[in-house]
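Report on the following structure.
The values are calculated or read from the model by the stated rules, or taken from the named source; none is laboratory data. Please read all numbers here as calculations on a predicted model, not as lab measurements. A quick note on method: Cβ atoms are made from the backbone with ideal geometry, for glycine too, and the neighbour counts reach across all protein chains shown. Heads up: the accessible areas ignore ligands, DNA and RNA and are worked out on the full protein's heavy atoms, side chains in. Shrake-Rupley method; radii C 1.70, N 1.55, O 1.52, S 1.80 Å.
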Amino acid sequence: MAAFLELESRAAGAGAGLCLGNFVFGCELTGSTRSYTFKVDEDDDSEHILALSMVCLTDGAKDECNVVEVVGRDRQNQEIAVPVANLKLSCQPALSLDNFQLQPPVTFQLKSGSGPVHLSGRHHIMHRRALSEEEENEEEEEEELTPIMPAKKHRRRQ
């Protein structure tokens, strides 16, 4: 199960042409749903970042080790699997991931334990929007700065 809720959408300055969207992200891994894949449309040319903030055991969890693994891509575009949390109800039921940033597609897997384990964070979307002719002209005017000339020295008469 995954949920998305729009937090904010705004234009980040007229000159930048950058639109931002921030959405709440959440998914739950259980004994019956052991993995969840977060992916975006391949046709979407926006930049997407998933920033994970928390992973925690939820109601109904047993006192057993629950290992959560993230499967994504490294800098060479090779698949890599990394365990990010080992939760146990009696000693560590939750873990802050401090906005751990991932680029989709990314898969979360419950490698051991029966959960339920809940992951939460934010889905950031950044894309360039087309500038109107008026905005382009304003941007060009801002770029054309008048050069600063050195001050002229005046001699005093004595």
- prompt: Tally time: how many residues in the stretch 45-57 are out of contact with any Ser or Thr (no Cβ under 7 Å at 6 or more places or on another chain) and open to solvent by 40 Å² or more (accessible area, probe 1.4 Å)?
  reply: 2
Single residue of the stretch 10-26 satisfying the filter (open to solvent by 40 Å² or more (accessible area, probe 1.4 Å) and touching a Phe, Trp or Tyr at 6+ places or on another chain (Cβ under 7 Å)) that is modelled with the lowest pLDDT: F23
- request: Name the single residue, out of those in the stretch 93-146 being open to solvent by 70 Å² or more (accessible area, probe 1.4 Å) and part of a loop (DSSP other than H, G, I, E, B), that is modelled with the lowest pLDDT.
  value: A130
field: Test set (1) open to solvent by less than 30 Å² (accessible area, probe 1.4 Å); (2) free of Cβ contacts under 8 Å to residues at least 40 places away in the same chain; (3) outside any strand (DSSP E or B) - S90 fails condition number
entry: (1)
- prompt: under 13 Å from the mean Cα position of the chain (by Cα) and in contact (Cβ under 8 Å) with a residue 12 or more places away in the chain: does that describe P104?
  reply: yes
message: Can you report the number of residues in the stretch 27-44 which are closer than 15 Å to P105 by Cα and either touching a strand residue (DSSP E or B) at 6+ places or on another chain (Cβ under 7 Å) or surrounded by 14 or more Cβ atoms within 10 Å (Cβ to Cβ) (or both)?
response: 6
